[in-house]
Every structure is written in C-alpha cells, then in structure tokens.
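Trainee: Below is the structure I would like to discuss, written out as structure tokens.
The values are calculated or read from the model by the stated rules, or taken from the named source; none is laboratory data. For clarity, every value in this text was computed on a predicted model and none was experimentally measured. Positions of Cβ are generated from backbone atoms using ideal geometry, with glycine treated the same way; all protein chains shown enter the neighbour counts.
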Amino acid sequence: MPDPNIIANALIPTTDVYDVDVIYSLDVQSQDFKEFLVRLRQSTNNIAIAVNYRDAGFYVEEVFNCGQQFFANKTLSSNTRQTPSLRSVYRKVVDFGPLPNNSLKQVPHNIPNIDADVTFTRIYATASDPNLLLYIPIPVTFVASGHIVDLQVDATNVNITTNWNASNYTRTLVILEYFKG
C-alpha cells in the first residue's frame, strides 16, 4: 500500500540532493554506499508513486487509466480470496456527434466487459451549436421552455434523449469514468 501522505499531496515529492563528490568517494563495498542506494531507490519509488496517482488530463477515445483511485471494495477483507485494494478509475470520451431531434439517439461507447461489477463515477457531456455559438452541459433542463436533454449509459451505448429539436448542437462530447470491482 502506498504511503497515504504521498497520495494525498499528489505532487512529485522533493528528493534528497546528492553531492556528486560524496557519491564518487563512496566505496561500493561499504555500508554507506548500500545505504545511499536504498535512499536513492526510496526517492525514485516516491516519485513513481506520486506520478502514478495523479489524475491525468487525457481525454481520449480509448479506455484510459486516468490515475484516480477509489476506496477498496468493502466486501473484501483478509478473510476473502481477493485482497482489498484501491480501485483504478478508467476514462473514455465518446464523440457523440449531433444531438437528436425530439428523440433518442444511441452511440456505442465500446467499453469492454460492462457487467454488475462496474460502477460509473462520472457521466457527463457538453454540446455545442457552432453557428449560434451556444454551449450546454448535459444532462440539462431548460426551466423556461421545458426542453430536456437526458443522458444515460447502458452496457453497450451512450443514450441521449431530447424532447425538442436539438440537432443544431452538432458537436457533443460524452465523458465516462468508471471502476470495476
């Protein structure tokens, strides 16, 4: 289990500054040299942990480990076959295209192996009308007009339903984040 202080800060930790002359003077057979190697390995490991536990700013159309971690599955313990551990979050962007005209539109998300063990942590989208320079979050309800844009995900598709002609919103990006287990 990684050091919780490193994860909480999620920055690359400050490493020891090594005087090159001191390193050159160390006898490779000495205890001092062995201790130096251990400290160097620990510093390198702390950097790797900090980098691996960052929330990466990549929004790509493939399933991507974004670096987020969710708490361990509470049904697991030292008495279960599987060890409790943090669960990695995966992100996928779906280029949905135009919003539908008063209907349901489905676009495959192509996330493999969606089953009962999958938990979505974020499902959200935005749509753009490039002609009128209008931008909306999804899901959204326009109180004054009663217009609704609804967003759902199932095992196969991203589903967006509108109760009005929203087809002028021709660019829609859906962001899905989930973990398994």
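Trainee: When you scan segment 67-77, do you find a residue that is more than 30 Å from Val17 (Cβ to Cβ), in contact with a strand residue (DSSP E or B) (Cβ under 6 Å, 6 or more places away or on another chain) and in the same structural domain as Ile138 (by TED's automatic domain parsing), even just one?
Mentor: Looking for residues that are more than 30 Å from Val17 (Cβ to Cβ), in contact with a strand residue (DSSP E or B) (Cβ under 6 Å, 6 or more places away or on another chain) and in the same structural domain as Ile138 (by TED's automatic domain parsing), one finds at least one in segment 67-77, hence yes.
Trainee: Suppose the filter is under 27 Å from Val158 (Cα atoms) and not assigned by TED's automatic domain parsing to the domain that holds Ser167; does Tyr24 pass it? Before the answer, list the steps.
Mentor: Numbers: under 27 Å from Val158 (Cα atoms): no; not assigned by TED's automatic domain parsing to the domain that holds Ser167: yes.
So Tyr24 fails the test.
Trainee: Can you confirm whether Ala125 is farther than 22 Å from Gly57 by Cβ and not aromatic (Phe, Trp, Tyr)? I'd like the intermediate steps shown before the answer.
Mentor: Values: farther than 22 Å from Gly57 by Cβ: no; not aromatic (Phe, Trp, Tyr): yes.
Against the criterion (farther than 22 Å from Gly57 by Cβ and not aromatic (Phe, Trp, Tyr)), Ala125 does not qualify.
Trainee: Moving on. Pairs please, first residue from segment 141-164 and in the same structural domain as Asp95 (by TED's automatic domain parsing), second anywhere and loosely packed, with under 11 Cβ neighbours inside 10 Å and in a strand (DSSP E or B), Cβ atoms under 8 Å, 6+ apart in sequence or on different chains.
Mentor: From segment 141-164, the pairs are Thr156/Pro108; Asn157/Pro108; Val158/Pro108.
Trainee: Return the pairs, sorted by first residue and then second, in which the second residue is among the acidic types (Asp, Glu) and part of a helix (DSSP H, G or I), the first residue lies in segment 25-53 and is touching a residue at least 12 places away in the same chain (Cβ under 8 Å) and under 30 Å from Arg87 (Cβ atoms), the beta carbons are less than 6 Å apart, and the residues are 6+ apart or on different chains.
Mentor: none
Trainee: Does Ser88 fit the bill of being hydroxyl-bearing (Ser, Thr, Tyr), in the same structural domain as Asn159 (by TED's automatic domain parsing) and either at pLDDT 85 or above or under 26 Å from Pro137 (Cβ atoms) (or both)?
Mentor: Yes.
Trainee: Among the strands (runs of 3 or more DSSP E) lying completely within segment 38-128, list those that include at least 2 residues that are touching a Leu at 6+ places or on another chain (Cβ under 8 Å) and within 26 Å of Asn157 (Cβ to Cβ).
Mentor: On the way: elements: 64-70, 87-95, 104-108.
The qualifying strands (runs of 3 or more DSSP E) are 87-95.
Trainee: So in segment 120-140, with the set limited to residues that are among the hydroxyl-bearing types (Ser, Thr, Tyr) and in contact (Cβ under 8 Å) with a residue 40 or more places away in the chain, which one is farthest from Thr162 (Cα to Cα)? Show your work before the answer.
Mentor: Within segment 120-140, the subset among the hydroxyl-bearing types (Ser, Thr, Tyr) is 121, 124, 126, 128, 135.
With the extra rule that they be in contact (Cβ under 8 Å) with a residue 40 or more places away in the chain, the set shrinks to 121, 124, 126, 128.
Working: Thr121: 23, Tyr124: 15, Thr126: 14, Ser128: 15 Å.
Per the criteria, the residue is Thr121.
Trainee: Quick check on my filter: what residues within segment 126-181 are over 18 Å from Asp95 (Cα atoms), touching a strand residue (DSSP E or B) at 6+ places or on another chain (Cβ under 6 Å) and either at pLDDT 95 or above or buried (at least 17 other Cβ atoms within 10 Å of the Cβ) (or both)?
Mentor: Correct list: Val140, Thr141, Ile148, Asn163, Trp164, Asn165, Phe179.
Trainee: Quick test of your reading of the structure: Val60 fulfils all but one of (1) of a type in the set (Val, Ile, Thr); (2) at pLDDT 95 or above; (3) closer than 22 Å to Thr170 by Cα. Name the failing condition by number.
Mentor: (2) is the only condition that Val60 fails.
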